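What follows is a single structure, written as structure tokens, with notes after it.
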Amino acid sequence: MSTSTEAVLKRHPGAKRDSLIPILQEVQGVQGHLSREAIIEVGRHLGLPASKIYGVATFYNQFRFRAPGRFHVQVCRGTACHVKGSARVLDAVAQSLGVKPGETTRDGLFSLEVVACLGACGLAPVVAVNGEFHAGVNPDSVKAILETCRGKAAGDA
Ligand code: FES
């Protein structure tokens, strides 16, 4: 049993099904994502099959099922960013990386997340890479940002 999942479950003795979402949030908080192993452990604790937990968790955009990439890319789709063209920015990132929101590239380099608001609406549209904000991005500039990340990774290889 994973000790971090175990620690979360110990905080919820005798938990029932209605504790599922808070427990998943806590597990993701400590592990960064929901691993298959963690889902099975939570299921055992709550008496729910893993398939049921996946069914519920996939309904919520907040849960990730794969470990974040080395570069975690957050594309803001809040109102201010939407008005300034964030849909095209998201398309450009998804196309460049070949993943959908919530996924991690096969090489583990990038993960993509869509967020509701990064709290920097004056800089819209905003993309954050590992928490570092890039303001006023467009499809071309965001691809250049990803290229810079690839270059950094190649330089470290
Ligand atoms: S809407 Fe994008 S930062 Fe607020």
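The selection criterion, being under 30 Å from V142 (Cα atoms), touching a helix residue (DSSP H, G or I) at 6+ places or on another chain (Cβ under 7 Å) and in contact (Cβ under 8 Å) with a residue 24 or more places away in the chain, does not hold for Q25.
Regarding the stretch 130-140, can at least one residue be identified that is away from the ligand (no atom under 15 Å from the Cβ) and outside any loop (DSSP other than H, G, I, E, B)?
Taking the stretch 130-140 first, the residues away from the ligand (no atom under 15 Å from the Cβ) are 130, 139-140.
Right, trim to outside any loop (DSSP other than H, G, I, E, B) and you get 139-140.
The answer is yes; a qualifying residue exists.
Pairs meeting the criteria (first residue in the stretch 76-93 and over 20 Å from G119 (Cβ atoms), second residue near the ligand (Cβ under 9 Å from one of its atoms) and not aromatic (F, W, Y), beta carbons under 6 Å, at least 6 apart or on different chains) are lacking.
Only residues that are within 23 Å of P68 (Cα to Cα), in a loop (DSSP other than H, G, I, E, B) and free of Cβ contacts under 8 Å to residues at least 40 places away in the same chain: list them for the stretch 1-21, please. Within the stretch 1-21, S2 is the sole residue that qualifies. I want to confirm something. Restricting to the stretch 22-79 and keeping residues that are among the polar types (S, T, N, Q) and assigned to a helix (DSSP H, G or I), which single residue is surrounded by the fewest Cβ atoms within 10 Å (Cβ to Cβ)? The extreme case among them is S51.
Each row is one residue, and each column tells you yes or no for (1) more than 16 Å from the ligand (Cβ to nearest atom); (2) touching a residue at least 12 places away in the same chain (Cβ under 8 Å); (3) β-branched (V, I, T); (4) surrounded by 14 or more Cβ atoms within 10 Å (Cβ to Cβ).
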residue	(1), (2), (3), (4)
T105	yes, yes, yes, yes
C117	no, yes, no, yes
P125	no, yes, no, yes
K143	yes, yes, no, yes
E147	yes, no, no, no
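Set side by side, the residues R77, R44 differ, and just one is under 24 Å from Q25 (Cα atoms), among the basic types (K, R) and within 16 Å of the ligand (Cβ to nearest atom), which is R77. Condition check for R150 on (1) touching a helix residue (DSSP H, G or I) at 6+ places or on another chain (Cβ under 7 Å); (2) part of a helix (DSSP H, G or I): one failure, at (1). Residues in the stretch 122-153 that are over 15 Å from S96 (Cα atoms) and of a type in the set (G, A, S): G122, A124, A128, G131, A135, G136, A153. Of the residues making up the stretch 87-108, those that are modelled with pLDDT of 95 or more and either assigned to a strand (DSSP E or B) or over 19 Å from F63 (Cα atoms) (or both) are A87, R88, V89, D91, A92, V93, Q95, S96, L97, G98. Checking each residue in the stretch 138-157 for being closer than 20 Å to P68 by Cβ and of a type in the set (A, V, I, L, M, F, W, C) picks out V142, I145, L146, C149, A153, A154, A157.
The values are calculated or read from the model by the stated rules, or taken from the named source; none is laboratory data. Values in this document were obtained by computation on a predicted structure and should not be read as measured data. Counting neighbours? That spans all protein chains shown, and the Cβs are built from the backbone with ideal geometry, glycine included.
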